[in-house]
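The values are calculated or read from the model by the stated rules, or taken from the named source; none is laboratory data. What you see is a predicted model, and the numbers here were worked out from it, not measured in a lab. FYI the Cβ positions are ideal-geometry reconstructions off the backbone, even for glycines, and counts take in every protein chain you see. Quick note on the areas: whole protein, heavy atoms, side chains included, nothing else; ligands and nucleic acids left out. Shrake-Rupley method; radii C 1.70, N 1.55, O 1.52, S 1.80 Å.
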Amino acid sequence: MDWVPTLSDRQGPVYRRILDALAADVANGRLHRGQQLPTHRALAKALGIDLTTVTRAYTEARRCGLTEARVGQGTFVAETMAQIRHATRPGDEFDLSMNLPPQPMEADLEGRLVRGIAAIQREVGFSAHLNYREPGGSAAERDTAAAWLRSRAADAHGDRLVICPGTQNALFNLLVALTKPGDVVLTEALTYPGIKAAAAYSGVRLIGVPMDEAGILPDALSSACREHAPKAVYLIPTIHNPTTATMPPSRREEVAEILRANDVLLFEDDAYGPLEPKAMPLASFIPERTYFAASLSKCIAPGLRVSFLLTPDHESAGLMAAVLRATVQMSAFLMVALVARWLGDGSADAIIDAIRGEAAARQKLAAEVLARQAFSSHPNGHHIWIPLPRGCSRTEFASHVQRQGLAVVTAETFSVAETQQNAIRVSLGAASSRSELVQGLQILATALRSSAAIRRVV
């Protein structure tokens, strides 16, 4: 038998000791993702205990997300710690619409959460983090965040940094503080839906600029700056959402020079940057005019609601902290304290490394299942971008696969330009396991080959 837990050094009911031993052996690597566990009867016999006790332990382990039962096969260590990480739409068995980071067992996210929160309680207590505090984070927290960012943004300093409750809040605050209704902000022709929503509520006009497989086109950007006199340009230069484009260094230099020459501010969204750490942010080329938003939502977990906004100077940071106070008062500082601890002790990097590895494995699965289909991807990204066959309506295609139990997102969700691409985004990280992802991708592959899915001509 591959696994027999040691119970003699644990306290409490026997079923609970089995559960605790299982959790500990997953955390320390003795048990690995997808490893088959002994049958209820075999483990009961090995431990000399009643069968119902093992059944209770296994049931509780499955409820906690430690294990998963496979019909006709047995009980296995769960592939991820994710149970139900977002509400699926009715009828969607495989919801690949939300761009979530996968949660591999190796990240030990829940274990790190438990240990980190316990350490905060033990060392300083919770009360200090449950009162009103100055917006933007303490000096120590901002310095910790800046030190972590310096591996990619070399000139990051705490006095230029504001800790925000997510990048969505940071983007809305930037529009509130630095634009007025009717102003123009340029974006890639396809862009993050959150900036579209923020612009709509703040009265800002978004104008999409053509792009290619390397990101926004420099000549088109230059022309748009001359024609529209924008207040700012919003870009996702690394693992672009939704197209996966990542600007090469030469393109980044061109774009930075255009913004400098036209005296335009840059709002750089680095949501996926930690997944491609070698990519130098645009902020490194033009720090004096860049507001650089570094989120943890796509590289650790969205529920943390912690994002770092690196501003051009101390005065700009003060302005953004004041706007943060006006919009949401402050961040959730218990979460900020936890994140600061993770940044300082290396836990954040370990989680990101594990998530990056899982993302890479899922990209390989997508390449295998969709081997006959052309699509854009990044080796470490959470999503893929699939142009649909000629004559295939994206709306009809999405409806077709949804009837098969699969949810994806169509191009109009991201479109800023008048001409919309006929494509879909598929989020690989949203699946709770690799096996679930493969099942969803198989539905997609079948639909792409099916004439029933493309019967309506665009």
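For the range 143-173 versus the range 176-229, the spacing of their alpha-carbon centroids is 22 Å. Checking every one of the trypsin sites (Lys or Arg not before Pro) in the range 329-438 against DSSP loop status and a limit of 16 other Cβ atoms within 10 Å picks out Arg372, Arg390.
Beta bridges per DSSP, both residues in the range 220-360: antiparallel share near 35 percent.
Here the sum of -39500 (n - 2.57) over DSSP H runs of 4 or more residues, divided by the residues of the chain, equals -13000 deg cm²/dmol at 222 nm, to the nearest 500.
Projecting the Cα atoms of Leu109, Ala119, Phe397 onto the charge dipole of the chain, computed from C-beta unit charges around the Cα centre, puts Phe397 farthest toward the positive end. Taken about its Cα centre, the range 122-259 carries a charge dipole of roughly 380 debye when the Cβ of each Lys and Arg holds +1 and the Cβ of each Asp and Glu holds -1.
Placing unit charges on the Cβ atoms of the charged side chains and taking the dipole of the range 143-275 about its Cα centre, the candidate lying farthest along the positive direction among Phe267, Cys164, His228 is Cys164.
Under a point spin-label approximation (7 Å from Cα along Cα-to-Cβ), what is the Ile117-Thr55 distance to one decimal in nm? Here the answer is 3.2 nm between the modelled labels. With Rh defined as the Kirkwood radius, the inverse of the mean 1/r over Cα pairs, the Rg/Rh of the range 100-250 is 1.04. Considering only alpha-carbon pairs that sit under 8 angstrom and 6 or more positions apart, the relative contact order computed for the chain is 19 percent.
Over all directions, the average projected area of the alpha-carbon convex hull for the range 10-138 comes to how many nm²?
So the Cα hull casts an average projection of 12.1 nm².
Cross-link partners of Lys180 among lysines, defined as those whose alpha carbon lies under 21 angstrom from its own and excluding same-chain residues fewer than eight positions apart: Lys196, Lys231.
Remark: the Asp345-Ala69 segment gains 95.8 nm on full extension, using 0.36 nm per residue and subtracting the alpha carbon distance.
What net charge is computed for the residues neighbouring Ala350, neighbours being all others with C-beta under 15 Å from the C-beta of Ala350, Lys and Arg scored +1, Asp and Glu -1?
-3
For the range 105-206, the share of accessible area belonging to carbon and sulfur comes to 58 percent (1.4 Å probe, ligands and nucleic acids excluded). Put a plus charge on the Cβ of each Lys and Arg, a minus charge on the Cβ of each Asp and Glu, and nothing anywhere else: the dipole of the range 97-182 about its Cα centre is then about 180 debye. Can you spot the lysines whose alpha carbon is less than 28 Å from Lys278's alpha carbon? Ignore those fewer than 8 places along the same chain. Leaving aside lysines fewer than 8 places away in the same chain, those within reach of Lys278 are Lys298, Lys364. All distinct Cα pairs of the chain go into the 1/r average, and the inverse of that average, the Kirkwood radius, is 23.8 Å. To test your reading of the geometry: what angle, between 0 and 90 degrees and rounded to tens, separates the Cα axis of helix 434-449 from the longest principal axis of the chain? Rounded to the nearest ten degrees, it is 60. Can you tell me the orientation of helix 109-123 relative to the chain, as the angle in degrees between its alpha-carbon axis and the longest Cα principal axis, to the nearest 10? For 109-123 against the chain, the angle is about 90 degrees.
Could you tell me what percent of the DSSP beta bridges with both partners in the chain are antiparallel, to the nearest 5? Working shown, then result.
Working: 26 of 44 bridges.
Just about 60 percent of them are antiparallel.
The figure for Asp212 is an accessible area of roughly 50 square angstrom, using a 1.4 Å probe on the protein chains alone.
Longest stretch of the chain clear of exposed loop sites (chymotrypsin sites (Phe, Trp or Tyr not before Pro), DSSP loop, at most 12 other Cβ atoms within 10 Å, sites excluded): 133-458. Calculated from the alpha-carbon coordinates, the range 264-396 shows an Rg and a Dmax of 18.5, 53 Å respectively.
Taking Cα atoms only, the orientation of helix 193-202 departs from the longest principal axis of the chain by about 50 degrees.
Each Lys and Arg adds +1 at its Cβ and each Asp and Glu adds -1 at its Cβ; summed about the Cα centre, the range 322-434 shows a dipole of about 220 debye. Applying the criteria of a DSSP loop state and at most 14 other Cβ atoms within 10 Å to the GluC sites (Glu not before Pro) of the range 86-178 yields Glu93. Of the residues Ser435, Ala417, Gly29, the one whose Cα sits farthest toward the positive end of the charge dipole of the chain, with +1 on the Cβ of Lys and Arg and -1 on the Cβ of Asp and Glu, is Ser435. Taking all Cα pairs closer than 8 Å and separated by 6 or more residues, the relative contact order of the range 155-302 comes to 21 percent. Each residue of the range 246-263 is assigned a 3J(HN,Hα), and the resulting list reads 10, 5, x, x, 5, 5, 4, 5, 4, 4, 4, 5, 5, 5, 5, 5, 9, 6 Hz, derived from the Karplus form 6.51 cos²θ - 1.76 cosθ + 1.60 (θ = phi - 60°), x at Gly and Pro. Based on Cα contacts under 8 Å between residues 6+ apart, the range 70-190 shows a relative contact order of 15 percent. Within the same chain, aspartates and glutamates fewer than 8 places from Lys45 are excluded, and of the rest, those with a Cα less than 18 Å from its Cα are Asp2.
Relative to a virtual label point 7 Å from the Cα of Lys196 in the Cα→beta-carbon direction, which members of the range 403-418 show backbone nitrogen distances below 19 Å? Counting only backbone N, you get 407-418.
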